[in-house]
1. How about the range 256-280: which of its residues are surrounded by 13 or more Cβ atoms within 10 Å (Cβ to Cβ), more than 16 Å from Ile195 (Cα to Cα) and not hydrophobic (A, V, I, L, M, F, W, C)?
2. Does the range 50-63 include one or more residues that are modelled with pLDDT of 75 or more, within 30 Å of Phe104 (Cα to Cα) and not in a helix (DSSP H, G or I)?
3. Condition first: under 19 Å from Ile185 (Cβ atoms) and surrounded by 19 or more Cβ atoms within 10 Å (Cβ to Cβ). Now tell me which residues in the range 286-298 satisfy that.
4. Might you let me know whether the range 200-217 holds any residue that is among the aliphatic types (A, V, I, L, M) and under 29 Å from Gly494 (Cα atoms)?
5. Failed condition for Ile517, given (1) modelled with pLDDT of 90 or more; (2) open to solvent by 50 Å² or more (accessible area, probe 1.4 Å), with all others met?
6. In the range 365-408, what residues are open to solvent by 20 Å² or more (accessible area, probe 1.4 Å), outside any loop (DSSP other than H, G, I, E, B) and among the basic types (Lys, Arg)?
7. What single numbered condition from (1) open to solvent by 50 Å² or more (accessible area, probe 1.4 Å); (2) closer than 26 Å to Arg404 by Cα fails to hold for Ser431?
8. Considering the range 299-318 alone, what residues qualify as being open to solvent by 50 Å² or more (accessible area, probe 1.4 Å) and free of Cβ contacts under 8 Å to residues at least 40 places away in the same chain?
Amino acid sequence: MRRSSPSSEPAPPSSNRNDWATLKTLVPYLWTYKWRVALALSFLIAAKFANVGVPLVLKRLIDSLTINPASPQALLVLPIGVLVAYGLLRLSTTLFTELREYTFAKVTQRAVRTIALQVFRHLHSLSLRFHLNRQTGGMTRDIERGTRGISSLVSYTLFSILPTLVEIVLVLGYLILNYDMWFSIITGVALLSYIAFTVIVTEWRTHFRRTMNDLDSKANTKAIDSLINYETVKYFGNEDYEAKRYDEGLKHYETAAVKSQTSLSVLNTGQSSIIAVAVTLILWRATAGVIDGSMTLGDLVLVNAFMIQLYIPLNFLGVIYREIKQSLADMERLFALLDQHKEIADKPDTKALLVQGAEVRFSHVEFSYEAKRQILFDVDFTIAAGTTTAVVGHSGSGKSTLSRLLFRFYDVNSGAILIDGQDVRDVTQASLRQTIGIVPQDTVLFNDTIEYNIAYGKPGASKDDIIAAAKSAYIHDFIESLPDGYATMVGERGLKLSGGEKQRVAIARTLLKHPAILIFDEATSALDSKAEQAIQAQLKEIAKDRTTLVIAHRLSTIVDAAQILVLDHGRIVERGTHAQLLIANGAYAQMWERQQARPEEGSAASGSNAVSDNFPVRDLTSDLLPNA
């Protein structure tokens, strides 16, 4: 059976999105709460009507207090009704604004939560190839800025720009209906000039923000990468080198930030100039109207109050527009992660894997991580249900690739992998991976307690089950000897534990999962000889009723395997039992003889030299040390 599957590299995050595409992606998340949105908009409009009404009441109040020159002896009456109306309008503006904020808060936060969760799930659904190529620091910063950008965009758009536009329409309408045309002309020209200037200059500034984002992500990536590899930095005394690399990124960021701030000063100066000219012209027209008697003092105060009310949000509008553009730039990178293609995806209507014994079959499998470098060539073998098959070979021969393909981290280029006759590409990934338990050579633990890390194999497992799994992995007594027992924190990536302790936690975690298929990828490589002997018998007992694939460097750990495969440069060059392969006196026999002659290699934590290319092992001590 042969089927082809592409193995191309994932595309880098797209930067071809425009602002409208980003908004189009966001709208459906908000529209889910359309009734809340409509109610919030109603409160918004009510707040703006109340706000525009304040200067009107103020005009009436001033006019009622103005002495009529024709009857200077007339008594002034306290306009209690007007004062009450003024107070109620002021209160209504605040009340409706807060009701709008309260109503819309759930919409914004739920949209942010939904998108963040979707991105998180999507990242977990992407292939191993994507995650091997990713830069964690930059990606997490993109997610952080993107989710913050969503909240900012929604807040600025619906709570700042839209209310300002509503107020502008109301003010212009009132000026047109009640005053000289020049008032509305001056106001309209000033608004158009302000908006046009803001848009043009902000568009010019946007690339500075994008540059800052890129440089910020790169600097953050270098910092996190350096801190994650703290021990390596210390081993080579490269603290100054790492500081210089980080400072180089900060220096470029500083240059971009200065350019951004300079352009911001240009924008602010231009905006203030437009507003100052407009307000001066409006007051000139109003003052002239009062002098010639066509306007009252109340009208002058009204027009001035209108302009002040517009001036404040208009001045802020420039800031808001810049923030919106920046938020869109931040969201662009977040949504680009959602655009990442799933290299490994379930087919429509895919069914769950049905396990009936768990026979594993590699049928003429060929695979390459990159098109120019093939890893496996026509690999064909069967692991009978309930038996153990071991794979040995030098580093780079493709042993660990077999486990990655079985787990479907990648799809084969041709051929097929079947479990009980079912192609792994034709069943759901969730059911496939639930069936398989793997103990990798490089064990990484979560920065949490030992109990949490063991329980991760089966979330929700009881304490008794966790302890039973720990006992099976021969780590229970060690855990009990710790001051905090199972509540002991293991540190980031489990660095507070030794390599052997981490690996036994990983074994316990896998045992708790109770998988039908087991994969041991050098599961005991980090254990000393005594610990390995203690756990090896237990592993054999665990594997007795399970289909097991063992990837090994130490040949002493696989002598009881039902089948041993010898891989060399991606091809199976020998197969058989331990006894059969020794009798054949081929590559396996040479490996066995070499390890028996040099037992210290068999007990080394690193297996890279335990099974090497078929060259004689030579003692180079005499070559390196003349007096040896």
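1. Within the range 256-280, Lys259, Ser260, Ser263 meet the criteria.
2. no
3. Matches in the range 286-298: Ala286, Gly289, Met295.
4. Step one: filter the range 200-217 for residues among the aliphatic types (A, V, I, L, M), giving 200-201, 212, 215.
Within this subset, residues satisfying the condition of being under 29 Å from Gly494 (Cα atoms) are none.
No, there is no match, as no residue in the range 200-217 is among the aliphatic types (A, V, I, L, M) and under 29 Å from Gly494 (Cα atoms).
5. Of everything listed in (1) modelled with pLDDT of 90 or more; (2) open to solvent by 50 Å² or more (accessible area, probe 1.4 Å), Ile517 misses just condition (2).
6. Selection gives Arg373, Arg404.
7. It fails just one condition, (1).
8. Taking the range 299-318 and keeping what is open to solvent by 50 Å² or more (accessible area, probe 1.4 Å), we get 308, 311-312, 315-316.
The answer is Ile308, Tyr311, Ile312.
The values are calculated or read from the model by the stated rules, or taken from the named source; none is laboratory data. Quantities reported herein were computed from a predicted structural model and do not represent experimental measurements. Here Cβ is always computed from backbone atoms with ideal geometry, including for glycine, and neighbour counts include all displayed protein chains. The accessibility values were calculated without ligands, DNA or RNA, using every heavy atom of the protein model including side chains. Shrake-Rupley method; radii C 1.70, N 1.55, O 1.52, S 1.80 Å.
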